Amino acid sequence: MDLIIEGNPATLEWLRRQIHENCADEVALEAVPAQDAGELREPVTVALIVSLAGPLLVRSVVDVLRKRHAHAGDIAEINGELRLPPEDEPAGTELRLRVTDGHTQRDTSEDELLAGAA
């Protein structure tokens, strides 16, 4: 079973580093770059594919996702205290989680991933 995480390139890069740091030897992680035909530039990561090989690994990946949510909440709270206008807040911080099992693909949540790992 694979987990496909789509989102903002900066957020995906942070997630990639965190997943490697927390599950380095146990996880197979693949970055999916954008494919712009005819343009020569640095590839931008548009998705991460995480091979979920067992309950412990699923829990570790979900822990990283939840850690990210906690930090995003902290940053939003700080921005509110600083009274920053909405356009100064980071854009595109939402993630889309999809599970692939063979040829089937469906959207999922962290809670569903944990329930499936139990």
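Other residues whose C-beta falls under 12 angstrom from the C-beta of Gly116 contribute a net charge of -2, scoring Lys and Arg +1 and Asp and Glu -1.
Taking amide H as placed 1.01 Å from N in the peptide plane, Val46 has its amide H under 5 Å from the amide H of Val32, Ala34, each at least 5 places away in sequence or on another chain. Within the assembled protein chains, the solvent-accessible surface assigned to His71 is about 90 Å², based on a 1.4 Å probe. Once both labels are positioned 7 Å from their Cα atoms along Cα-to-Cβ, the gap between Ala34 and Ala117 label points is 3.1 nm.
The values are calculated or read from the model by the stated rules, or taken from the named source; none is laboratory data. This is a predicted model, so every value here is computed, not measured. A quick note on method: Cβ atoms are made from the backbone with ideal geometry, for glycine too, and the neighbour counts reach across all protein chains shown. Each accessible area value is taken on the protein alone, full model and side chains, heavy atoms only, with ligands, DNA and RNA left out. Shrake-Rupley method; radii C 1.70, N 1.55, O 1.52, S 1.80 Å.
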